[in-house]
Amino acid sequence: MVFGIFIAMKRFLKRYWPLLGIILLLIVALFYLFSSYKEILEKPALMNVFSEEGFKLEDVHYSQDNPDKGIKWTLDAREAKISKDRQFISFRQFRLKLETKDRPSIEIEGENGEFNKSSGELNLRDNVKGRTENGYRFMTDHVLYQQKEGFLKTESPVSIIGPSFSLKGRGLYLDIKREYLSLQADVHAVIENEAMVL
């Protein structure tokens, strides 16, 4: 009797094994499909970031080289959001390094910033601090780096500290390639412990 059941099962499997294989594959595929669907439902916030704002990255390293102007810049940020069209990047807790071939490099750090790829402008905001390779430092609330022209500019109050002097004023223009610096208004300078107002 047991032998008869065994032979009947063997004939059944021999005849219907392709159909059983297809059914088994469908069960496995449905299992993975439902588990993926459940994961998507559990993470709606991630879907919203991708669909509405583009996407978000952490610990970002981005570099841009402008051989025509001879300036290379590198941006490191803790967090960045990139628009859907990839033309606009906003970032937090950043460090920007500007390098030229034969001039001292400049490092700038701050809390927030945005990069517009089409205009080539980097807007750096909130507790912005910069330092040059040859010992100068500056502090301000906002500075604009214009990549195409190769300059830093701000209308905000700014402090500059050098090896033998310090300057305070409103508005800054710095041509990185020519090493040309100007303050626009309300300039107060301290040179070797002597104060003078310009």
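Fewest-first ordering of Val60, Val158 by other beta carbons within 10 Å of each residue's beta carbon gives Val60, Val158.
The residues neighbouring Phe138, those whose beta-carbon lies less than 10 Å from its own, together hold a net charge of +3 under the Lys/Arg +1, Asp/Glu -1 convention. Straight-line reach from Lys168: which lysines have a Cα under 16 Å away, not including same-chain ones fewer than 8 places off? By straight Cα distance, Lys168 reaches Lys129, Lys153.
Every number here is computed from the coordinates shown, using simple stated rules; none is lab data. Predicted model only: the values in this text are computed from it and were never measured. All Cβ positions, even for glycine, are placed from backbone atoms using ideal geometry, and neighbour counts span all protein chains on display.
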